[in-house]
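The values are calculated or read from the model by the stated rules, or taken from the named source; none is laboratory data. Given the structure is predicted, the values throughout are model-derived calculations rather than measurements. Neighbour counts run over all protein chains shown; Cβ positions are idealised from the backbone, glycine included.
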Amino acid sequence: MRVKFCLGSAFFLAAVSLIAPAAKSQSFETTTPVRLRAKPSARAEAIRVLRKRESVSQINSDSVSHGFIWVDAGGDTGWVASRHLRRVTEAPSELAASAIVAPPSAQLATCPIVGTAQPGSTDALSNTLKRRIPPPGPTKTLTFADFATLQQDVEQVFGIDARQHKLNLNTSQRLRLRSLQIPSGTIGEGDRVRLAGYIVNPTPHANTGESVNCGLHGPENNDFHITVADHSNDTGFQGVVVEMIPQGRPDGWNLQSLHQLENNHTLVLVVGQLFYDEKHLVNDDPSIPRSGQPQRFSLFEIHPITAFMICQTGNQCDANDPSGWTPLPL
């Protein structure tokens, strides 16, 4: 597999139309899931995906450039293509209204950031991190070898064998995950990272009843658990876990699409937050599988996923050339 990466990733979506600057700052609502971008360009890195009908505020009256509007989205600032926004004072058009759907469930919409965990507990900290969108900044490229090195780093730092012992990390302990060493330099939990690989068995599926999502059931209310590996014929024992969370998840990010990518052995590029899932054990030996523990050789995950790309050039993508990749449709 030939994969090279550029730290300033730039993947394109589609051309956008120009609009005239607004006379004053406005409040807007998204008409479809849309990417919040670091710059006013469809090729700029995505900060996160805004959900349908998410409210955003224009930063100032002249924050319009190349068909994009500079907005504040719940504390995250970035650029959104104007064609995916409408002013909240306007009646939605028939077309825009047809694109609006209800959130997964009322219960999920009111599920707090700590889920059902006791505030201040290590579970509450873990749940909060699972829903954290990394801030704008450079994306660090990882390889599967890096994930193995990171797991070794954690076991050295805390003096454990993660195949036998779990951790229960508090805030100060998790800070020790922020400065780990891999051959390319220092990296840590919370960083925005990318990884190229293949979706492998165990087949992508929805978790169920997790504390982070308030114990709710149904795919629409739960994280999608996806295993990726370096080769399409690998198994989960040779892979790592990446997860799509239900909060604001685009309709196109569905299990059917993920199953098709697995069946077609399609090279994918996963972008999101580096997260350490200390609630599990490493399960990397098929001769002694560990019941109840997801198959993987490292407990580091990409969680949540903020961008998911598909190779369109016969699995020969060069990530320095964005023309080879296309986003998983929203």
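Brief remarks follow.
- If you go through segment 108-130 and keep only what is in contact with a helix residue (DSSP H, G or I) (Cβ under 7 Å, 6 or more places away or on another chain), part of a loop (DSSP other than H, G, I, E, B) and of a type outside the set (Val, Ile, Thr), you end up with Cys111, Gly115, Ala117, Gln118.
- Residues of segment 102-140 classified as of a type in the set (Gly, Ala, Ser) and without any contact (Cβ under 8 Å) to a residue 40 or more places away in the chain, total: 6
- Failed condition for Leu195, given (1) touching a Leu at 6+ places or on another chain (Cβ under 8 Å); (2) within 18 Å of Leu330 (Cα to Cα): (2)
Conditions tested, residue by residue: (1) among the charged types (D, E, K, R); (2) at pLDDT 95 or above.
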residue	(1), (2)
Lys140	yes, no
Arg176	yes, yes
Ser184	no, no
Leu195	no, yes
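- Arg194 satisfies every condition listed in (1) surrounded by fewer than 18 Cβ atoms within 10 Å (Cβ to Cβ); (2) in contact (Cβ under 8 Å) with a residue 12 or more places away in the chain; (3) within 17 Å of Phe300 (Cα to Cα) except (1).
- Taken over segment 188-231, the residue count meeting the criterion of being in a loop (DSSP other than H, G, I, E, B), within 24 Å of Thr116 (Cβ to Cβ) and among the polar types (S, T, N, Q) is 3.
- Residues that are within 19 Å of the chain's Cα centre (by Cα) and either among the acidic types (Asp, Glu) or at positive phi (or both) within segment 204-228 comprise Glu210, Glu220, Asp223, listed in sequence order.
- The number of residues in segment 299-330 being charged (D, E, K, R) and crowded, with 16+ Cβ neighbours inside 10 Å comes to 2.
- Qualifying residue in segment 218-226 (condition: surrounded by 16 or more Cβ atoms within 10 Å (Cβ to Cβ), touching a residue at least 12 places away in the same chain (Cβ under 8 Å) and either hydroxyl-bearing (Ser, Thr, Tyr) or in the same structural domain as Ile47 (by TED's automatic domain parsing) (or both)): no
- Matching residues in segment 50-64 - criterion: being over 12 Å from Arg35 (Cα atoms) and modelled with pLDDT of 80 or more: Arg53, Ser55, Val56, Ser57, Gln58, Val64
- Any hit, segment 266-280, residues being assigned to a loop (DSSP other than H, G, I, E, B), touching a residue at least 60 places away in the same chain (Cβ under 8 Å), of a type in the set (A, V, I, L, M) and out of contact with any Gly (no Cβ under 8 Å at 6 or more places or on another chain): no
- Options Gln260, Gln256, Gln293; residue that is out of contact with any helix residue (DSSP H, G or I) (no Cβ under 7 Å at 6 or more places or on another chain), polar (S, T, N, Q) and outside any helix (DSSP H, G or I): Gln293
- Cβ-Cβ under 6 Å pairs, at least 6 apart or on other chains, segment 33-48 side in contact (Cβ under 8 Å) with a residue 12 or more places away in the chain and assigned by TED's automatic domain parsing to the domain that holds Val71, far side crowded, with 22+ Cβ neighbours inside 10 Å and among the acidic types (Asp, Glu): Ala38/Glu45
- Taking the numbered list (1) in contact (Cβ under 8 Å) with a residue 24 or more places away in the chain; (2) over 24 Å from Val268 (Cβ atoms); (3) surrounded by 15 or more Cβ atoms within 10 Å (Cβ to Cβ) in turn, Phe144 passes all entries but (2).
- Residues that are outside any helix (DSSP H, G or I) and crowded, with 18+ Cβ neighbours inside 10 Å within segment 232-247 comprise Gly239, Val240, Val241, Val242, Glu243, Met244, Ile245, Pro246, Gln247, listed in sequence order.
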